[in-house]
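First comes the structure, then the notes that go with it.
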Amino acid sequence: GGTWWYQSRQDNSLTLYGNVDIRSVNLSFRVGGRLASLAVDEGDAITAGQVLGKLDRAPYENALMQAKANVAAAQAQYDLMLAGYREEEIAQTAAAVKQAQAAYDYAQNFYNRQVGLWKSRTISANDLENARSSRDQALASLKSAQDKLSQYRSGNRVQDIEQAKATLEQAQAELAQAELNLHDTTLTSPSDGTLLTRAVEPGSMLNEGGTVLTLSLTRSVWVR
């Protein structure tokens, strides 16, 4: 009994000294802009996914509308390249070739007559040169019209189609970035915790990546 009494009177507790490690996260917007609102204050308990603050969305909404318009224009151009030229356009170009051919024939005949007159010294050398120049211009116009008709009948080149496709893909990438930027105007909490610091106030102009809030993580807690 004496032994039991003696042992029961002994202090068997173990006292240790250390520190509680606080892990914190600096929260910021990925994009810059004017801070429109903050929904939390220092000391508030925060849950994962909670909306903490918002930037002014207007500039990013405008950028998104512009990106959508660019995609629509690029898509229309790409579809046009794939479809090729309409029958009406081909017919109109063929008519232009006939007109250019008639103009060239007239210029050639006129030049031939001028050559005959030149041989008999009826006209001056300057008149003959003017006739030759008119004939050459008519020939150039005819070749240009023929090349255009050939292009219309064969459709767009593969390189032009690929370029239109690349332009469309670039516009789509810019649209995706504009959507992401608009989404990032809302700041949400990555995990549960307690708000330690509120570094800025609504109305402030923020740079991308600038610290707005500091969150202390409460799960899990470590004692060193």
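The values are calculated or read from the model by the stated rules, or taken from the named source; none is laboratory data. Computed from a prediction, not measured in an experiment: that's the story for all the values here. In this analysis, Cβ positions are derived from the backbone assuming ideal geometry, glycine residues included, and neighbour counts consider all displayed protein chains. The protein model used for the area step is the full one, side chains on, heavy atoms only, and it has no ligands, DNA or RNA in it. Shrake-Rupley method; radii C 1.70, N 1.55, O 1.52, S 1.80 Å.
Screening Leu149, Leu142 for residues that are in contact (Cβ under 8 Å) with a residue 40 or more places away in the chain, within 30 Å of Gln75 (Cβ to Cβ), open to solvent by less than 40 Å² (accessible area, probe 1.4 Å) and not basic (Lys, Arg) leaves exactly one candidate, Leu149. Scanning the stretch 85-131 for residues that are under 30 Å from Ala166 (Cβ atoms), open to solvent by 80 Å² or more (accessible area, probe 1.4 Å) and either of a type in the set (Phe, Trp, Tyr) or at pLDDT 85 or above (or both) turns up just one, Gln92.
Checked against the criterion of being closer than 19 Å to Arg219 by Cβ, in contact with a Pro (Cβ under 9 Å, 6 or more places away or on another chain) and modelled with pLDDT of 95 or more, the stretch 16-37 has at least one qualifying residue.
Taking the listed residues Glu169, Glu201, the one that is outside any helix (DSSP H, G or I), surrounded by fewer than 15 Cβ atoms within 10 Å (Cβ to Cβ) and on the phi < 0 side of the Ramachandran plot is Glu201, with no other qualifying. Residues that are on the phi > 0 side of the Ramachandran plot and touching a strand residue (DSSP E or B) at 6+ places or on another chain (Cβ under 6 Å) within the stretch 19-52 comprise Gly33, Gly49, listed in sequence order. Only a single item in (1) of a type in the set (A, V, I, L, M, F, W, C); (2) over 30 Å from Leu187 (Cβ atoms); (3) within 21 Å of the chain's Cα centre (by Cα) is not met by Ala63, and it is number (2).
Quick check: anything in the stretch 69-84 assigned to a helix (DSSP H, G or I), of a type in the set (Ser, Thr, Tyr), open to solvent by 40 Å² or more (accessible area, probe 1.4 Å) and modelled with pLDDT under 85? Checked the stretch 69-84: no residue is assigned to a helix (DSSP H, G or I), of a type in the set (Ser, Thr, Tyr), open to solvent by 40 Å² or more (accessible area, probe 1.4 Å) and modelled with pLDDT under 85. Here Glu208 fits the description: open to solvent by 60 Å² or more (accessible area, probe 1.4 Å) and in a loop (DSSP other than H, G, I, E, B). Only residues that are open to solvent by 50 Å² or more (accessible area, probe 1.4 Å) and either among the β-branched types (Val, Ile, Thr) or in a helix (DSSP H, G or I) (or both) were counted in the stretch 172-198, giving 10.
Selection within the stretch 34-60: residues that are under 26 Å from the mean Cα position of the chain (by Cα) and open to solvent by 80 Å² or more (accessible area, probe 1.4 Å). The member of this set that is nearest to Ser24 (Cα to Cα) is Lys54.
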